[in-house]
Amino acid sequence: MAENPERKAKDAQLRAVINQQLMESGERERLKELLRTRLIECGWRDQLKAHCKDIVKKKGLECVTVDDLVTQITPTGRALVPDDVKRELLQRIRTFLSQQTPNMW
């Protein structure tokens, strides 16, 4: 089922507004720092690092570019983010938005 182009445009506009509010308030940087901290605490960073090393070992250092590595590890990196970390960030975003514009959300 194809997504409605009008709905897609509204969603993109809403994401842009939210992102702008997060950036202007400094909350985006605070959320990024929280994410970095949580990912280190749960071992995500070490797991991804080990995965990178495995890829380089299999292909050989001379045969791997940074772009290749990023392409290969991105799906794994996303899959390894714990659900509780995702929930925490989502809750922080919701709380921020409700405090910024209570009538809009």
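The values are calculated or read from the model by the stated rules, or taken from the named source; none is laboratory data. These figures come from a predicted structure and were not determined experimentally. As a convention, Cβ positions derive from the backbone with ideal geometry for all residues, glycine included, and neighbour counts pool all protein chains shown. Please note that ligands, DNA and RNA were not included when accessible areas were found on the heavy atoms of the full protein model with its side chains. Shrake-Rupley method; radii C 1.70, N 1.55, O 1.52, S 1.80 Å.
Inside the stretch 1-77, counting only helices (runs of 4 or more DSSP H) that do not spill past its ends, which hold 2 or more residues that are touching a Leu at 6+ places or on another chain (Cβ under 8 Å), surrounded by 10 or more Cβ atoms within 10 Å (Cβ to Cβ) and modelled with pLDDT of 95 or more?
27-41, 44-59
Report, ordered by the first and then the second residue, all pairs with beta carbons closer than 7 Å, sequence separation of six or more or different chains, a first member in the stretch 54-75 that is within 17 Å of W44 (Cα to Cα), and a second member that is open to solvent by less than 90 Å² (accessible area, probe 1.4 Å) and not in a helix (DSSP H, G or I).
I55/V64
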